[in-house]
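Worksheet: the structure to be examined is printed underneath.
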Amino acid sequence: MRRFLLLYATQKGQAKAIAEDISERAAAHGFCAELHCISESDKYDLRTETAPLVVVVSTTGTGDPPDTARSFVRGLQDRTLPANRLAHLRYGLLGLGDSEYTYFCNGGKVIDRRLQELGAQHFYDTGHADDCVGLELVVEPWIEGLWASLTKHFASGGGGGEDTMPGDPPSDPMPGGLPAAPTAPQSTGAMTSLESQLQLLHIDKADSRTPGALPTQVQATLACSVPPLSIASLTVPASPPRFLQVHLQDPLDQEEKQVPVPGPEPVFRVPVSKAAQLTTADAVKATLLVELDISQTDFSYQPGDAFNVFCPNREAEVQELLQLLQLADRAEHRVILEVLPDTQKKGAVLPQHIPEGRSLRFLLTWCLDIRAPPKKAFLRALVDHTGQEAERRRLQELCSRQGAPDYNRLVRDAGMGLGDLLATFPSCQPPLSLLLEHLPKLQPRPYSCASSNLHLPGRLRFALSILEFPSPRGAADVRRGLCSGWLAHLLETQLRPLGDHRGNPSPEIFISPRATNSFHLPEDPSVPIIMVGPGTGLAPFIGFLEHREKLQEKLPGAQFGATWLFFGCRHKERDYLFRDELGRFQKLGVLTHLYVSFSRDPSTGEDAPARYVQDNLRRLGPQLARVLLQDNGRVYVCGDAKNMAKDVNEALADILSREAGLPSLEALRTLATLREEKRYLQDVWS
Ligand code: NAP
């Protein structure tokens, strides 16, 4: 087997799933993939790697590489590295992104560019897969082409290139600067044809009498396809190898309520000290302010930081899933997991997000994302546990190459969870072990701190809008966001106006810190700042302004730069968040310029009413350009990553172009430089 090193940098598991898929398919093409998360720098060493490298990298909403790639990228970006440091390395890179965001595939592009600058060369062209149109449109052909390129690479001498360095480990620091990886075994000749083993199944054309086939004018549903798919031959991936076995042991009498999922970072259990609704009852989206009492913990933060909230799955959804799996009577049993001794899965280990010895209900409540749309590999595995022929065919269609549009529309975009799927395919009865192999980790939800520790010692505030969206089961049925809906329910009886100090018994929640970022106030308070934050994107700026207020009290003689705030909401009288506080900051001179846009209020007869924050930005273009280009100011953007951040980016580029007379490309370059200098900072999520 010809070895290649396969690294993935994943944020939400997509890049990992693709890398695992590549790894599993490799053997059928005569290759052996050594698979690692890019953060596992003790397991590989690029400085001495002689085998080809394949990297799969995703991108966060801000256009940064995923958190797991931070230290790798930091290592690559060390400017003291010589330009030939990686001249021996041959690599292929697959970037994942979403073209609806500002910096498409930027995580991959950053790594690609730096590898090139350090002398590494492509053995295979870079692929950029776009989640907006369906990752598989690029991912599938990219993986198909990878085998030929690897074959060619090994045939032309394999391993490293002409510049391969001899064995001596270099002395400079590099990502994965650890023990040398084993030397790649050299190819010994032509590749044996393993195409016959290519793990693709060709499913025969469906019988036209199959219940799944419907006339063309009818739209496909999750349960039923329409021609041409319903009568097409299908290319379906092979079932992923099984690797877990599960024993359910004696029920736990009373499960100790403790930290939900031990993470690498500490988890704190904190009481809610206050909860208030910031919007009126007729607002389009309800927004809550939650205050946590962190005084009895070591949790610390600065304005601009974000933190994680751990939220459970809905009790009713867990119960339904238990019933669908016919495990309701064993919900309190302890789950004991083992790796199947004879598994075909390479490097199989117990999933880290499943703690030992907890009850089945606990795992389904706190550890596993049961709402996550099942990946195609999971659908494929479900086929083998589905009794009814029409249901099997439909599941095969949904995980097939031909059924990708149906999968995207009816599973992925519809937010179809495992429970929804099992309810639609009643003859599908997967074993628990299969679920534990495929259900991803229930991720904690990030929120920005909306307070200052100087202003409110021992307290931490955050703001959240309660998300509501149509349930995938039917238009009339509405689902609430997992965390926001849970918090809204938990705090229903706590909600009172902000100034009301009556105490109520406080529910407790679990939180953990998030890796520090650079979204902080400038060290030098005389630097002017521009803050752009529509909706709950305003949260961190409340923290900034509270902090600034305290600093101004402490340092009366000091010079403080101008503070510009661009806020946007839908209606002045319904969701103008922190209106009183902003007025107070203005009166104190802490907030020097405030511009608010109302996107759904009728025009009040002004010359050109601003609908969105970017309209006000454009209107104030000359002043803002001066702040950024002459006064060394900073611009902060917080809120929705998909539309708002992209439009604000465009507005800023237009302003720089117009005010500084720069061609558009040059204006974009200037913005990129501001980003690099950490003078254009984003805290954006979707
Ligand atoms: P939102 O839905 O983003 O809406 C706020 C305002 O922005 C509305 O007036 C909306 O107008 C307007 N808007 C819509 N499209 C826009 C665009 N392309 N450009 C500029 N403005 C636009 O508010 P939200 O519910 O508070 O959501 C905030 C977003 O910030 C979420 O994506 C959230 O994940 C993210 N976020 C939240 C936090 C936090 O701590 N809670 C922190 C960071 C980021 P119309 O609806 O009338 O079009």
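For this structure, a couple of remarks:
- Straight-distance crosslink candidates among aspartates and glutamates, where the alpha carbon sits under 19 Å from residue 587 and sequence neighbours closer than 8 are dropped: 546, 549, 553
- Listed values for the stretch 570-583 are Karplus-derived 3J(HN,Hα) couplings in whole Hz (6.51 cos²θ - 1.76 cosθ + 1.60, θ = phi - 60°), namely 8, 9, 4, 8, 10, 9, 7, 5, 6, 4, 5, 4, 5, x, and x replaces Gly and Pro.
- Positive-end residue, the chain charge dipole about Cα centroid, Cβ charges, pick of 18, 597, 448: 597
- Projected onto planes of every orientation and averaged, the convex hull of the alpha-carbon atoms in the stretch 464-581 covers 11.2 nm².
- Charge tally around residue 323: other residues with Cβ under 13 Å, Lys/Arg +1 each, Asp/Glu -1 each, net -2.
- Label-point separation in nm, residue 413 to residue 586, each point 7 Å along Cα→Cβ: 4.2
- Percent of beta bridges antiparallel (DSSP, the chain, rounded to nearest 5): 50
- Set of lysines with alpha-carbon distance to residue 16 below 28 Å, sequence-local pairs under 8 removed: 43, 109, 152, 345, 346, 375, 376, 441, 642, 646
- Dipole magnitude (debye, nearest 20) for the stretch 41-145, charges at Cβ of Lys, Arg, Asp, Glu: 680
- A simple charge model with +1 on the Cβ of Lys and Arg, -1 on the Cβ of Asp and Glu and nothing else charged puts the dipole of the chain at about 620 debye relative to its Cα centre.
- Ranked order, 685, 486 - accessible area, probe 1.4 Å, largest first: 685, 486
- With DNA, RNA and ligands ignored, accessible area of residue 416 (1.4 Å probe; Å², nearest 10): 10
- Whole-percent carbon and sulfur share, accessible surface of the stretch 529-685, 1.4 Å: 47
- Alpha carbon centroid spacing (whole Å) that separates the stretch 427-448 from the stretch 509-574: 37
- By average C-beta atoms within 10 angstrom, highest first, the peptides 283-289, 514-520: 283-289, 514-520
- For the stretch 60-139 versus the stretch 262-316, the gap between their alpha-carbon centres in whole angstrom: 34
- Put simply, the stretch 529-685 fits an ellipsoid with semi-axes of 23, 21, 14 Å; these come from the alpha carbon gyration tensor as the roots of five times its eigenvalues, largest first.
- Accessible area ranking (1.4 Å probe, heavy atoms, ligands and nucleic acids excluded), largest first, for 642, 346, 554: 554, 346, 642.
- For peptides 73-84, 586-597, sequence by mean Cβ density within 10 Å, most packed first: 586-597, 73-84
- Heavy-atom surface of the stretch 529-685, accessible at 1.4 Å and reported per residue (Å²): 46
- Accessible area (Å², 1.4 Å probe, nearest 10) - residue 615: 60
- Summary value for the chain: 13 percent relative contact order, contacts being C-alpha pairs under 8 angstrom separated by 6+ residues.
- Shown for the chain: cysteine residues without a partner Cβ closer than 4.7 Å, namely 32, 37, 105, 132, 224, 367, 399, 428, 449, 569, 638.
- Using the Cβ-Cβ distance between residue 12 and residue 71 with R0 = 25 Å, the FRET efficiency computed as 1/(1 + (r/R0)^6) comes to roughly 0.85.
- Farthest toward positive dipole pole in the chain [+1 Lys/Arg, -1 Asp/Glu at C-beta], among 408, 543, 582: 582
- Loop-resident sites, the stretch 49-101, for chymotrypsin sites (Phe, Trp or Tyr not before Pro), counting at most 11 other Cβ within 10 Å (DSSP): none
- Mean Cα-pair separation over length for the stretch 529-685, i.e. relative contact order, pairs under 8 Å, 6 or more apart, %: 25
- Debye-sum result for the chain in log10 I(q)/I(0), which assumes one identical scatterer on each alpha carbon, at q = 0.05, 0.07, 0.09 Å⁻¹: -0.27, -0.55, -0.91
The values are calculated or read from the model by the stated rules, or taken from the named source; none is laboratory data. Please read all numbers here as calculations on a predicted model, not as lab measurements. Cβ atoms come from the backbone with ideal geometry, glycine included; neighbour counts cover every protein chain shown. For accessibility, only protein heavy atoms count, side chains too; no ligands or nucleic acids. Shrake-Rupley method; radii C 1.70, N 1.55, O 1.52, S 1.80 Å.
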